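What follows is one structure encoded as structure tokens, with my remarks underneath.
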Amino acid sequence: MNDKITKQHLFKHPIGKVWEAISVAEAISSWFIQADFKTEIGYKYTFIHEQTKITGEVLKANPVYELVYTWIVSGTDVVTTVSWHLEENTDGTLLTLEHSGISNYPGDTAIVMFNNFKGGWDTCINELEQFLTVQ
């Protein structure tokens, strides 16, 4: 089974604007998921969406270029990792999003979670695009 989801998207927005959208709790809560989040290494964050709670710890925060944190879905003890990499270019900002460690889920759960995360990250990028466009 594939262990990593990778998504790339070119946003026609400055890198600072994209960084703020993915790293500031109020912005994250506006377009993605209710967030208690800070870009401080070691910060233990909480995301809440409907009945699902996601917790984790910020591992890397290199403002405007890289944000990495663990991702633990409530009801499991499986730790996966989400990485956001931003690269500025003449057309805007290239985002590379990676979600890895999904094969840590046991058995068929790994396949279900992989498919759920894959679709969820597609929706996430679309929502981020809409948020950045109206900001």
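No value in this document is a laboratory result; all are computed from the given coordinates. All values derive from a computational prediction rather than experimental measurement. No Cβ is skipped: glycine too gets one built from the backbone with ideal geometry, and neighbour counts run over all protein chains shown.
Taking amide H atoms as placed 1.01 Å from N in the peptide plane, list the residues 5 or more away in sequence, or in a different chain, whose amide H sits under 5 Å from that of Ile33.
Sorted by chain and number, the residues that satisfy this come to none at all.
Fewest Cβ neighbours within 10 Å first, please rank His9, His99, His49 accordingly.
So the ranking, lowest neighbour count to highest, is His49, His9, His99.
Is there a quick way to get the dipole size of the stretch 72-135? I mean about its Cα centre, with the Cβ of Lys and Arg at +1 and of Asp and Glu at -1; what is the value in debye to the nearest 20?
220 debye
Might you report the magnitude of the Cβ-based charge dipole of the stretch 10-68 about its Cα centre, with Lys and Arg at +1 and Asp and Glu at -1, to the nearest 20 debye?
So the dipole magnitude of the stretch 10-68 works out to roughly 120 debye.
Over the Cα atoms of the chain, what Rg and Dmax result, in angstrom?
Values for the chain (Cα only, Rg and Dmax): 14.4, 44 Å.
For the chain, what is the charge dipole size about the Cα centre, in debye to the nearest 20, if Lys and Arg each add +1 at the Cβ and Asp and Glu each add -1 at the Cβ?
Its charge dipole is roughly 60 debye.
Stretched out fully, how many nm does the piece from Ile111 to Thr123 gain, at 0.36 nm a residue minus the Cα gap?
Working: separation 12, 0.36 × 12 = 4.32 nm, distance 1.87 nm.
Full extension of this stretch gives 2.5 nm more.
Listing Ile54, Ile125 from the residue with the fewest other Cβ atoms within 10 Å to the one with the most, what is the order?
Ile125, Ile54
For the chain, what is the mean residue ellipticity at 222 nm derived from helices alone (per DSSP H run of n ≥ 4: -39500 (n - 2.57); sum divided by total residues; nearest 500 deg cm²/dmol)?
Helix-only estimate at 222 nm: -10500 deg cm²/dmol.
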